[in-house]
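Have a look at the structure below, then the notes.
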Amino acid sequence: MKINYHKASFLTSAAKLSQLPPDRGVEVAFAGRSNAGKSSAINTLTHQKNLAKTSKTPGRTQLINLFELDENRRLVDLPGYGYAKVPLAVKERWQVTLGQYLEERACLRGLVLLMDIRHPLKEFDQDMLAWAYQSQLRTHILLTKADKLNANPRNNCLQQVKKQLLPYHPLITVQLFSSLDKIGLDELRKTLDQWMSGDLTLENDINETDEL
C-alpha cells in the first residue's frame, strides 16, 4: 500500500503524553540528535518545505509534533537530543517525555532514527538502539547528509554501520539519506509504506530468525 505523504498536515504539538491525540491508528516517530536533520527529512518525505520547522540552531524542537497523513496515520517529530543549548532541567524533561512516548504509546508502529553519516552511532544512539531491540520496536536508521561524502566513503560508512548492527537484524535496518539530493527517499518511502499498511513480512522474518 502506497501512502500519500504529500498530504501530510500539521495536527498538534504536545509537551506531555496527556496532550496527544487518542492512542489509536498508526504512528511512525522520527528521533535523533538535535543536528541530525529530522525536520528536513520529514519535509523531504512529504514534499513540503515548511511542514516541520527547521532551524540553524539545534534543539529547537522542544515538543512532540504530530503530522496527520489521514485519519488513521500520523508522522511524529520527537524532541531532539544532544547539542541543544537549553538548561539541563529542560533537557531532562525532554528525555523523560521521549522515554514515556516510546514506552507507552500503543499505536507506535516504528521508529526512524536519524544520524549524521559523518558521526554515526554516538552513545545516545547506541542506547536508543539497544532499548528498541529490547522492546522489539522496529527501527529504521537514516544516515543523513549523505551528500556531504563522496560515493565510496558513504558506502563504506553504510557497510560499517550494517556490520555493527548485525546483532539487531532484521528488527533494525539502515540506509543512506540526503534531504538535499533526495538520496534514499524511495527506500524510506517503501519502508514506511510497509509499516503504515500493517505489512507483516518483517514480523514473520523476526519470528523465523528467533526460531533458528
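FYI, it's all coordinate maths here, none of it is from the lab. Just so it is clear, the structure is predicted and the values come from calculations on it, not from any experiment. For neighbour counting, all protein chains shown are included, and Cβ atoms are generated from backbone atoms with ideal geometry for every residue, glycine included.
With 20 Å as the limit, write out which pairs from 7/148; 53/162; 49/145; 49/122; 7/38 have Cα-Cα distances beyond it, or answer none.
7/148; 53/162; 49/122
Which residues' amide hydrogens lie under 5 Å from the amide hydrogen of residue 119, considering only partners 5 or more residues apart or on another chain, with H built in the peptide plane?
HN-HN under 5 Å from residue 119: empty list.
Using each residue's phi in the range 25-32, evaluate 6.51 cos²θ - 1.76 cosθ + 1.60 at θ = phi - 60° and report the 3J(HN,Hα) Karplus result to the nearest Hz, with x for Gly and Pro.
Residue by residue, the range 25-32 yields x, 9, 10, 10, 9, 10, 9, x Hz.
Within the set of other residues whose C-beta is less than 9 Å from the C-beta of residue 67, count the net charge using Lys and Arg as +1 and Asp and Glu as -1.
-1
Applying the Karplus parametrisation 6.51 cos²θ - 1.76 cosθ + 1.60 with θ = phi - 60° to the phi angles of the range 125-142, what ³J(HN,Hα) value in whole Hz is obtained for each residue in order, glycine and proline being reported as x?
4, 4, 4, 4, 5, 4, 5, 4, 5, 4, 8, 6, 9, 4, 9, 10, 8, 9
May I ask you to compute the full-extension gain from residue 190 to residue 95, defined as 0.36 nm times their residue separation minus their alpha-carbon distance, rounded to one decimal in nm?
31.2 nm
Sequence gap at least 6, Cα distance under 8 Å: using those rules, report the relative contact order of the range 5-211 to the nearest whole percent.
About 21 percent, as a whole number.
What nm value, rounded to one decimal, do you get for the distance between residue 182 and residue 47 when each label is placed 7 Å out toward the C-beta?
Distance between label points: 0.9 nm.
Hey, got a sec? Which trypsin sites (Lys or Arg not before Pro) in the range 1-73 land in a DSSP loop and have at most 13 other Cβ atoms within 10 Å?
Counting only loop positions with at most 13 other Cβ atoms within 10 Å, the trypsin sites (Lys or Arg not before Pro) in the range 1-73 are 2, 16, 24, 49, 53, 56.
If each Cα of the range 5-211 is one equal point scatterer, what is log10 of I(q)/I(0) from the Debye formula at q = 0.14, 0.15, 0.16 Å⁻¹?
Treating every Cα as an identical point scatterer, log10 I(q)/I(0) equals -0.81, -0.94, -1.09.
What's log10 of I(q)/I(0) for the range 108-207 at q = 0.11, 0.14, 0.21 Å⁻¹, Debye sum over Cα points only, no solvent?
-0.32, -0.52, -1.13
Quick one: Karplus J couplings for the range 99-115, per residue in order, coefficients 6.51, -1.76, 1.60, θ = phi - 60°, nearest Hz, x for Gly and Pro?
Each residue's phi maps through the Karplus curve to give x, 4, 4, 5, 7, 10, 7, 5, 7, 5, 8, x, 10, 9, 10, 9, 9 Hz.
Mind checking the full-extension length gain between residue 150 and residue 105? Use 0.36 nm per residue of separation minus the Cα-Cα distance, one decimal, nm.
12.3 nm
Can you list residues whose amide H is under 5 Å from residue 11's amide H, if they're 5+ apart or on another chain and H is modeled 1.01 Å from N?
66, 67, 68
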